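Right, one structure below, let's go through it.
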Amino acid sequence: MNTKKNKYQILVLSDLSPDSNISLLNAVELARTINASVEVLHVKAPLDVVKGDNQLSAIRTIHKDNRSTESRLRSQIEDVVAKANIAVAHKIAYGNVKSTIKNYLSEKQPDIVVLGKPQTVLGKLLDKGVTNFVLNECNVNVLISGDEIKQGGFKDLSLGFYGRSISDMNQSELLDDLNKQTTKPLRMFSVNDGQNASEENSTEGERRNIVSYVFSEGKNALEGIVSYVKKTNTELFCISSESAKGIGLMPNTTKQMVRRLNIPILVMR
């Protein structure tokens, strides 16, 4: 196992469904690329486990469920660990799903939370609105895993970034670390709102091997960005939550991106 001190901490939210393996495997591949530790958090609401009112019976039921869940979670993690030289810790918690997750994030302060794509991965967990909750209420970088396992990991990726200007990218050490792992040009997508420093972007972009795509402000801006992300075979799309507010895009830009793109999306705080 890797014994070097990790630069980042990754937390994977899992419901133990078969599809959640995709999120875990992608988290491990990301961890290997950026030197991160990985932990899996599985949260259950007590009412989903306990059906009766008897307190003693409820405690026994939760203990029994905990043993069963522990076995399943360990099995899932061992399958992943067997394929990668990286340790994966885990935690099982019972309580209100959203508040338990928020409290755990506050306590552990991970650098990245990995979630499955809504309605396709981590189904039961996401049905409780966890993805939107984490995106809206938790101040943390979020990786929305795509529909498939990233073959070859997160090295030498075709990276895409949405922002107002190149200076937005300079504020993310995580994006910089990912960009250092690829030989391909970084593609920057932006919307011209009359304030973007296009000349500065062009000069700086040439110097740093950045290809810029600028779209006209309006209701079709999002459609244009999604279309070109697909056309350019972008493999990981990064979007600053601050940059996604307004600038000719819909208020729920991030949700729209997640819904329309099948690749992993990194929402940066």
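Residue count for the range 163-183, restricted to those that are of a type in the set (Gly, Ala, Ser), assigned to a loop (DSSP other than H, G, I, E, B) and modelled with pLDDT under 70: 1.
Taken across the range 194-212, residues that are surrounded by fewer than 21 Cβ atoms within 10 Å (Cβ to Cβ), over 19 Å from ILE144 (Cα atoms), acidic (Asp, Glu) and modelled with pLDDT of 85 or more do not occur at all. For VAL12, the conditions (1) surrounded by 14 or more Cβ atoms within 10 Å (Cβ to Cβ); (2) over 17 Å from the mean Cα position of the chain (by Cα); (3) within 21 Å of PHE154 (Cα to Cα) all hold with the exception of (2). Close Cβ contacts (under 8 Å, 6 or more residues apart or on different chains) running from residues in the range 5-28 that are within 16 Å of ILE92 (Cα to Cα) to residues that are among the aromatic types (Phe, Trp, Tyr) and modelled with pLDDT of 90 or more comprise LEU11/TYR104.
Residues being farther than 29 Å from LYS180 by Cα and of a type in the set (A, V, I, L, M) are represented in the range 9-16 by at least one member.
The values are calculated or read from the model by the stated rules, or taken from the named source; none is laboratory data. Computed from a predicted structure; not experimentally measured. Cβ sites come from the backbone with ideal geometry, for glycine too, and all protein chains shown count toward neighbours.
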